[in-house]
Structure formats: C-alpha cells, structure tokens
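**Student:** The structure is given below, and queries will be raised subsequently.
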Amino acid sequence: MKIALMDSGIGLLPAAAAMRGLRPDADLVVSLDPAGMPWGPRTTEDLTGRALAVAEAAAAQRPDALIVGCNTATVHALTALRARFEPELPVIGTVPAIKPAAAGGGPFAIWATPATTGSPYQRGLIREFAEGVGVTEVPCWGLAEAVEHADESAIDAAIAAAAALTPDEVTTVVLGCTHYELVAERIHAAVQRPGRPPLVLHGSAGAVAAQTLRRIGAHPAPEAPAEGTFTALLNGIAGPLPAAALSYEEGRLLLAATPVR
C-alpha cells in the first residue's frame, strides 16, 4: 500500500502521522511546494495550478490514494484535483470537523486562516451541520505561517491573539487548518478557562486517514510491521523534509518510525 499526501508545507504532517499509526506497513509519499508556499494568499486559479503540479509529482509515484492535507487547497482545488485524477486515483480532501463539534451541543469556535474564516465554504458547513448551535469564527492571523517556520514567539503571539477572540463560554474548538494540529496542546492551554469544563479540540487528521483507508477498501492494522517507507518530494524533487518539521512530535515520530527513501 502506498499513500500520498500533498500540501504547500508541513501542514500535512498530522495526517501523515495518523496514517502511519493506522498502517505502519504503508509506504508514504509527501509532496510539498516550498517554492510556492504559502498558498493562502494566492488566487484560486494560481493556487489550483500549484496544487495540480504538486499532485502530479505525487501521482507519478503511483500511490493508491492522494490526501489533500490542506484545508485551503481542499476549498479551492479539490474539484479540479478530482477531475484530473479520479477515478484511477482517489483524492481525499480535508474538511474542518464542524459536524462532530456541533454534535457536542455546546457553543464552539472554528479557528481558521483569515482566507477561510467567513468564506462561503465554511459558512456552508456551518449551515449544514451546526444549525442552532452557537458558532464563533476566529481568524488566526499569521498562525499557519508561524507554525510552518517553527517561529516560537510568532506562534505564541498568534495563538494569544486568536484566544482573545474566542468567547469564554466556548466548550470546543475546531482546528480549521491542518497546521494548527501541530500546536494543538498550546492552543488548548491558551483557550482553556479556569473553572470551565475541559476544552475539546477537534482536528481532522485521524478522520482523514480513516476515510482514506475506506476509500481504497483497506482496514486499520496498527499491529502491522513498521516496514513502510517514507519519501518527500519538494517541488517534484526527492529531498529531506523542511527542518521545521523536526520541531514537532508528528514530524519526529514520522521520520523515526519509517525508513526514509
């Protein structure tokens, strides 16, 4: 089994680590766009072109499935990616976990990039899955970029600013950008209010990994031998992951658990 993941940067690490946990025997290919990141400020046309190029590099490795490990790329490019690669190559997008958050019943916040916050895409998900539930959309200025570069002071500042926009009564936070899952514990610490019930965070990595296995008719096998290889493509050229990846547990575990090719 071979699973490919694509993103402009290291936001795909949580999904890759989740996939490694479910199938340690699967070969993983991650395809990044360091020459074109970040994708967030780009026009839809430009972003889609870059996403297709990154996906083409991944598809050349002949994977069984392709995960779009980026919320922004899913919003703007998923239709084009599926038109290009399916049905031969299943393409799995990353959707904010609004549905399970709404099922909890309490008021929740969605932390997302400024480009996604208030977008028709996100508002549509809120209407579909969170009707009648209190929802606060929180734009997280600079957080994805700070996480991408492992800039500790910038991460702290961006989290503090977003936490200040998050109402005290919120019981759940949806992490609407894959980069945010890399600093989930720091987000939890910043938003958890003294005397309030334990805060719940909802990411997407585990659900995306599980959905990928379902799409290709496979099943979780965490007990399988950890023999899966790992390949990183940087604008189509094999190379090492960006150094910042090793600042996060997901990046360290991914590389430590798999032979790099």
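The values are calculated or read from the model by the stated rules, or taken from the named source; none is laboratory data. Computed from a prediction, not measured in an experiment: that's the story for all the values here. Quick note on the areas: whole protein, heavy atoms, side chains included, nothing else; ligands and nucleic acids left out. Shrake-Rupley method; radii C 1.70, N 1.55, O 1.52, S 1.80 Å.
**Student:** Given a cut-off of 24 Å, what percent of all Cα-Cα pairs of the chain lie beyond it?
**Tutor:** 45
**Student:** What is the distance in Å between the Cα centres of segment 131-183 and segment 20-90?
**Tutor:** 24
**Student:** How tilted is helix 120-129 with respect to the longest principal axis of the chain? Cα atoms for both, answer in degrees (0 to 90, nearest 10).
**Tutor:** 70
**Student:** Given a 1.4 angstrom probe, what's the average accessible area per residue across segment 130-261, in square angstrom?
**Tutor:** Value returned for segment 130-261: 49 Å² of accessible area per residue.
**Student:** A further question on this structure: Given the options 77, 101, 164, which has the most mean-square fluctuation in a GNM of the chain, springs set between C-alpha atoms less than 10 angstrom apart?
**Tutor:** Fluctuation is largest for 164.
**Student:** Using a Gaussian network model of the chain whose springs link C-alpha atoms within less than 10 Å, name the residue from 131, 148, 227 with the highest mean-square fluctuation.
**Tutor:** Its mean-square fluctuation being the largest, the pick is 131.
**Student:** Continuing with this model, one more query. Let me have the relative contact order for the chain, percent, based on Cα pairs under 8 Å that are six or more residues apart.
**Tutor:** 28
**Student:** May I ask for the angle, rounded to the nearest 10°, between helix 44-59 and the longest principal axis of the chain, with both axes built from Cα atoms and the value confined to 0 to 90°?
**Tutor:** Taking Cα atoms only, the helix is inclined about 40 degrees.
**Student:** For segment 49-190, give the percent of accessible area contributed by carbon and sulfur heavy atoms, probe 1.4 Å, rounded to a whole number.
**Tutor:** 55
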